[in-house]
Amino acid sequence: MAQDDVVSLFTELASVPSPPGDERAVADQVAAYMRDLGLEVSEDTVGAQIGSNAGNLYARVEATDGGTPLFLCAHLDTVPPEAGIDPVLEDGVIRNAAGTILGADNKAAVAVMLEATRRILSENRPHGGLELLFTPMEEVGLYGAGAFDHDRLHARIGYVYDQAAPIGEVILGAPHSQSMRVKMHGRAAHSGMYPEEGRSAIAAAAKAIADFKLGRVDEETTANVGLISGGTAGNIVPEWCTFLVDVRSHDQQKLADLVRELLEAVTFAASLEDCQVETEVHKSYSGYRFKQDAEAVRIASAGLQRAGFEPTFTLSGGGADANVFNERGLACVNLANGMAEIHTPDEHIAVTDLERMVDVTLALLDVARETDAA
């Protein structure tokens, strides 16, 4: 592999599966690459506490000039692949020939950030300071970023490239999110001989879900029941049923109101079927919102323009490691990087998008170097 080839680097990283909790092999590749660049790489010990065989990787490139230092963050894990990963290049686009995810989310960002760092060092490009952070367990709850000691970061402004959209899109905000686990407890009985003695936990769950507001509740709010399980056999009235709910909104009050409505629907449905119910509600992550004149957004806009892209501004319905950093007082903006159809067998990314995101990264650093540190 040519070390200066972002496409080769990406395909090499993508070829190694790294589902949440099993990022070790890719973490070792990334750490070795950074060490080959002469960087000192540290890995924290949070892996065991978050359920991963790898921790967060951190490296720092010392400033050569004044200006504003930046940190860049990408996650090492992908959604679990259902088959092998065989990246192929066809007509300028990289896809997976094996019929499952490609892993552009988020290894395209990993490769771009590493290649940009290589160019900074090999070309002796002046910059105001760069920190690199690569996290595990993002896909299942932003756990790696959540466990990272953010006080280690010198930079107060950072970027993630974790939006599946054309380059130029700047994410001004992401939603608050909560998860809900509901378990209905009924009473088992033979469904053919003594059905009247049973209390169906599945029927109770069905009544609750039928009463939920799901999908796009309004322009700021969504809700989804994504997993349901219950019962023991087809001829037994089910004594238990569990389901999981994901609730998101850009408005915290709307989120709280919707969660309360869902809990009320669960309680009412359980009472109709003479069942008991357990509920657990957990915060998944906090949302954030930037103004277009915020410094981190201005640097992003100027960097995109310098790299030849006209910035556009939007809100995202998904979370990213940026949510964690913004909650902790760091200004972290999510930038689209051209990946498409993520989390599906049709996931792909164009070679030109990989290459141009390296240009964007270098432009961000150039603009930051020309910007007075706060």
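The values are calculated or read from the model by the stated rules, or taken from the named source; none is laboratory data. Source: prediction; values computed, not measured. So basically every Cβ, Gly included, is an ideal-geometry build from the backbone, and we count neighbours across all protein chains shown. Just the protein is used for accessible areas: all its heavy atoms, side chains included, with ligands, DNA and RNA removed. Shrake-Rupley method; radii C 1.70, N 1.55, O 1.52, S 1.80 Å.
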(message) Can you tell me which of I228, I299, I101 moves the most in a GNM of the chain? Springs connect C-alpha atoms under 10 Å apart.
(response) I228
(request) For the chain, set up a Gaussian network in which alpha carbons nearer than 10 Å are linked by springs, and say which option among G173, G192, G21 fluctuates the most. (result) G192
(message) Using the Karplus curve 6.51 cos²θ - 1.76 cosθ + 1.60 with θ = phi - 60°, what ³J(HN,Hα) values do you get for each residue of segment 199-205, in whole Hz, with x for Gly and Pro?
(response) 10, 7, 5, 5, 4, 5, 4
(message) Leaving out ligands, DNA and RNA, and with a 1.4 Å probe, what % of the accessible surface on the chain is carbon or sulfur?
(response) 47 percent
(request) Using only alpha carbon pairs under 8 Å that are at least six residues apart, calculate the relative contact order of segment 32-77 and give it in whole percent. (result) 28 percent
(request) Starting from the amide H of H75, placed 1.01 Å from N in the peptide plane, find each other amide H under 5 Å away whose residue is 5 or more places distant or on another chain. (result) T135
(request) Could you tell me which of the pairs K107/K254; K213/K291; K183/K207; K254/K283 are separated by over 24 angstrom between their Cα atoms in the structure shown? (result) K107/K254; K213/K291
(request) Over the chain, give the accessible area per residue in Å² for a 1.4 Å probe, as an integer. (result) 42 Å²
(message) I'd like the Karplus ³J(HN,Hα) series for segment 227-243: coefficients 6.51, -1.76, 1.60, θ = phi - 60°, whole numbers in Hz, and an x wherever there's a Gly or Pro.
(response) 8, 9, 8, x, x, 10, 6, x, 9, 10, 4, x, 8, 8, 7, 10, 9
(message) Given the options S191, L272, A302, identify the residue whose Cα lies farthest towards the positive end of the charge dipole of segment 182-311 (+1 on Cβ of Lys, Arg; -1 on Cβ of Asp, Glu).
(response) A302
(request) Calculate the dipole size of the chain relative to its Cα centre from +1 charges on Lys and Arg beta carbons and -1 charges on Asp and Glu beta carbons; express the result in debye to the nearest 20. (result) 660 debye
(request) Sort out the exposed loop trypsin sites (Lys or Arg not before Pro) in the chain (DSSP loop, at most 16 other Cβ within 10 Å) and tell me the longest stretch that has none. (result) 1-212
(message) Out of the GluC sites (Glu not before Pro) in segment 1-86, which ones are loop residues according to DSSP with at most 14 other C-beta atoms within 10 Å?
(response) E40, E62, E82
(request) Mind checking the full-extension length gain between S122 and R216? Use 0.36 nm per residue of separation minus the Cα-Cα distance, one decimal, nm. (result) 29.0 nm
(request) Among A340, L365, G317, flag the residue with its Cα farthest along the positive direction of the charge dipole of segment 299-366, charges on Cβ as +1 for Lys/Arg and -1 for Asp/Glu. (result) L365
(request) Evaluate the distance, in nm, between pseudo-label points positioned 7 Å from the Cα of A256 and of E82 along their respective Cα→Cβ axes. (result) 4.0 nm
(request) Mind putting a number on the dipole of segment 199-334 about its Cα centre? Charges go on the C-beta only, +1 for Lys and Arg and -1 for Asp and Glu, and I need it in Debye to the nearest 20. (result) 400 debye
(request) Please determine, in degrees from 0 to 90 and to the nearest 10, the orientation of helix 104-122 with respect to the longest principal axis defined by the Cα atoms of the chain, where the helix direction is its Cα long axis. (result) 20 degrees
(message) Around T100, under 9 Å between beta carbons, what's the net of Lys plus Arg minus Asp minus Glu among the other residues?
(response) -2
(request) Enumerate the amide H contacts of V93 below 5 Å, restricted to partners 5 or more residues apart or on another chain; note that Pro and chain-start residues carry no placed amide H. (result) V351
(request) Quick one: what are the phi-derived ³J(HN,Hα) couplings along segment 156-171, Karplus 6.51/-1.76/1.60 with θ = phi - 60°, whole Hz, x for glycine and proline? (result) 9, 10, x, 9, 10, 10, 9, 10, 7, 6, x, 4, x, 7, 10, 8
(message) Using +1 at the C-beta of Lys and Arg and -1 at the C-beta of Asp and Glu, which of W240, G226, I209 has the Cα lying farthest in the positive direction of the dipole of segment 201-248?
(response) W240
(message) I'd like the GluC sites (Glu not before Pro) in segment 282-348 restricted to DSSP loop residues with at most 16 other Cβ atoms within 10 Å, sorted by number.
(response) E341
(message) Placing one identical point scatterer on every Cα of segment 1-101 and ignoring solvent, what is log10 I(q)/I(0) from the Debye formula at q = 0.10, 0.16, 0.22, 0.23 Å⁻¹?
(response) -0.35, -0.83, -1.24, -1.28
(message) Which of the three applies to segment 55-94, rounded, prolate or oblate, going by the alpha-carbon gyration tensor with a ≥ b ≥ c and a/c under 1.5 meaning rounded?
(response) oblate
(message) Could you tell me the relative contact order of segment 91-234? Use alpha-carbon pairs under 8 Å, at least six residues apart, and round to a whole percent.
(response) 12 percent
(request) Run through the DSSP bridge list for the chain and note the antiparallel percent, rounded to the nearest 5. (result) 75 percent
(request) Report the relative contact order of the chain, percent, no decimals, based on alpha-carbon pairs under 8 angstrom and at least 6 residues apart. (result) 24 percent
(request) Taking the Cα centre of segment 308-374 as origin, work out the dipole magnitude from +1 charges on Lys and Arg Cβ and -1 charges on Asp and Glu Cβ, in debye rounded to 20. (result) 220 debye
(message) What is the angle, in °, between the Cα long axis of helix 24-36 and the longest principal axis of the Cα atoms in the chain? Nearest 10 is fine, range 0 to 90.
(response) 10 degrees
(request) Using only the Cα atoms of segment 126-165, build the gyration tensor, take square roots of its eigenvalues as a ≥ b ≥ c, and label the shape rounded, prolate or oblate: rounded if a/c is under 1.5, else prolate if a/b is larger than b/c, else oblate. (result) oblate
(request) For S284, enumerate residues with amide H under 5 Å from its amide H, sequence gap 5+ or separate chain, H modeled in the peptide plane. (result) S177, Q178, S179
(message) I want to verify a result. In a Gaussian network model of the chain, Cα cutoff 10 Å, which of these has the top mean-square fluctuation: S191, S200, S249?
(response) S191
(request) Filter the GluC sites (Glu not before Pro) in segment 178-255 down to the DSSP loop ones having no more than 11 other Cβ atoms within 10 Å, then list what survives. (result) E219
(message) Distance between the C-alpha centers of segment 221-258 and segment 323-374? Whole Å please.
(response) 33 Å
